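The values are calculated or read from the model by the stated rules, or taken from the named source; none is laboratory data. Quick caveat, the model's predicted, so the values are computed rather than measured. Here the Cβ positions follow ideal geometry from the backbone for every residue, glycine too, while neighbour counts run over all protein chains shown. In case anyone asks, the SASA skips ligands and DNA or RNA and just uses the protein heavy atoms, side chains included. Shrake-Rupley method; radii C 1.70, N 1.55, O 1.52, S 1.80 Å.
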Amino acid sequence: MPYLTVTALSHTGLIREHNEDSLVAGPWTLCGTVTENPQTLVFPLGTPLVVAVADGIGGQPGGEVASALVVRELAALGPSLEGEGAVREAVDVCNRAVYAAAERDPELTTMGTTVAGVVVLEKSVLVFNVGDSRVFEAAGDGLRQVSVDDSPPLWPGRRTTSLLTQALGGARQFSAVVPHLTTAPLSVGDRYLVCSDGLTDPVPEEEVGGLLRLHSGGRAVFELWKAAIEAGGPDNITLALITVGE
């Protein structure tokens with residue numbers, strides 16, 4: 001009988017004072033804390049399962065509050081996310097929740113977060129994102145980014161940017177978001193990587209793909225985290241590897 005494994009890790013990195021990333025996998029959330037080792041959860045295929053990473057916007061107040069709000073909303077809504085329309089509505093709920101929390105507390109004004117993730121259905125996977133956290137499909141022929149970065153065009157010679165063109169919250173007045181959504185068929189052996197830019201900024205995509213070709217499960221997640229740390233660990237590192245087994 002087909003099943004899913006979700007192996008996840010969240011770490012502060014080497015530079016930041018605290019972790020502003022949060023993660024959801026089904027009903028399980030990890031908010032602004034650190035896992036010493038990759039954690040693996042197993043789920044049956046059938047009921048919609050959401051796995052997502054939210055990365056609080058640095059340099060603005062309450063990034064960890066915004067990211068935690070979003071993953072907790074997604075955990076509650078997860079079983080109802082049966083299609084793109086439901087996911088679009090859920091992202092809107094998350095965005096409004098961030099703005100509402102900021103309005104209640106002046107110290108949280110302009111707090112915001114990215115979000116990127118997948119909803120695994122019985123025969124398909126729905127990928128969604130707002131911001132620059134990413135979702136990759138790790139197939140036998142290489143790594144393919146499925147999410148769409150909400151970032152301005154890069155200057156020649158630059159590989160990364162901290163600027164965002166869209167996020168959940170992040171402004172003084174409410175601004176609606178348009179999530180990127182795509183649906184693909186699901187097969188046994190499929191693997192998806194969901195991660196914050198604390199992995200993809202310091203570690204080139206070619207290296208991420210190479211490590212996923214060599215390793216699976218907890219070893220793959222550990223090696224990806226290790227690569228980010230060895231590259232300086234400049235930001236919080238959060239990732240989840242989703243694998244379809246039988």
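Summary of values
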{"read-out": "Only one of Ile237, Ile242, Ile229 that is modelled with pLDDT of 95 or more and surrounded by fewer than 21 Cβ atoms within 10 Å (Cβ to Cβ)", "value": "Ile229"}
{"read-out": "The range 147-172: number of residues that are under 15 Å from Met111 (Cα atoms) and either acidic (Asp, Glu) or more than 20 Å from the chain's Cα centre (by Cα) (or both)", "value": "2"}
{"read-out": "Any hit, the range 151-161, residues being at pLDDT below 95, surrounded by 12 or more Cβ atoms within 10 Å (Cβ to Cβ) and on the phi > 0 side of the Ramachandran plot", "value": "no"}
{"read-out": "Restricting the range 138-149 to residues that are closer than 18 Å to Pro179 by Cβ and touching a residue at least 24 places away in the same chain (Cβ under 8 Å), the residue that is surrounded by the fewest Cβ atoms within 10 Å (Cβ to Cβ)", "value": "Gln145"}
{"read-out": "Criterion violated by Gly13 - all others in (1) farther than 30 Å from Ser124 by Cβ; (2) touching a Leu at 6+ places or on another chain (Cβ under 6 Å); (3) not β-branched (Val, Ile, Thr) satisfied", "value": "(2)"}
{"read-out": "Residue within the range 95-107 that is closer than 30 Å to Pro2 by Cα and modelled with pLDDT of 95 or more present", "value": "no"}
{"read-out": "Within the range 180-204, considering residues that are open to solvent by 20 Å² or more (accessible area, probe 1.4 Å) and closer than 23 Å to Asn19 by Cα, the one nearest to the chain's Cα centre (by Cα)", "value": "Asp201"}
{"read-out": "Residue list for the range 58-67, restricted to those being open to solvent by 10 Å² or more (accessible area, probe 1.4 Å) and touching a strand residue (DSSP E or B) at 6+ places or on another chain (Cβ under 9 Å)", "value": "Gln60, Gly62, Glu64, Val65"}
{"read-out": "Tally of residues being polar (S, T, N, Q), open to solvent by 50 Å² or more (accessible area, probe 1.4 Å) and not in a helix (DSSP H, G or I) across the range 72-119", "value": "0"}
{"read-out": "Pairs, first acidic (Asp, Glu) in the range 79-98, second at pLDDT 95 or above and surrounded by 15 or more Cβ atoms within 10 Å (Cβ to Cβ), C-beta under 8 Å, six or more apart", "value": "Glu82/Pro48; Glu82/Leu121; Glu84/Leu126; Glu84/Leu181; Glu84/Thr183; Asp92/Val177"}
{"read-out": "Matching residues in the range 162-174 - criterion: being open to solvent by 60 Å² or more (accessible area, probe 1.4 Å) and of a type in the set (Gly, Ala, Ser)", "value": "Ser162"}
{"read-out": "Residue within the range 32-44 that is closer than 25 Å to Val91 by Cβ, surrounded by fewer than 23 Cβ atoms within 10 Å (Cβ to Cβ) and within 16 Å of the chain's Cα centre (by Cα) present", "value": "yes"}
{"read-out": "Options Glu82, Glu107; residue that is acidic (Asp, Glu) and closer than 22 Å to Pro27 by Cβ", "value": "Glu82"}
{"read-out": "Residue in the range 45-57 that is more than 15 Å from the chain's Cα centre (by Cα) and open to solvent by less than 10 Å² (accessible area, probe 1.4 Å) present", "value": "no"}
{"read-out": "Number of positions in the range 196-207 that are in contact with a Leu (Cβ under 7 Å, 6 or more places away or on another chain) and farther than 11 Å from Ala231 by Cβ", "value": "1"}
{"read-out": "Of all residues in the range 1-60 being of a type in the set (D, E, K, R) and part of a strand (DSSP E or B), the one that is nearest to Val87 (Cα to Cα)", "value": "Asp55"}
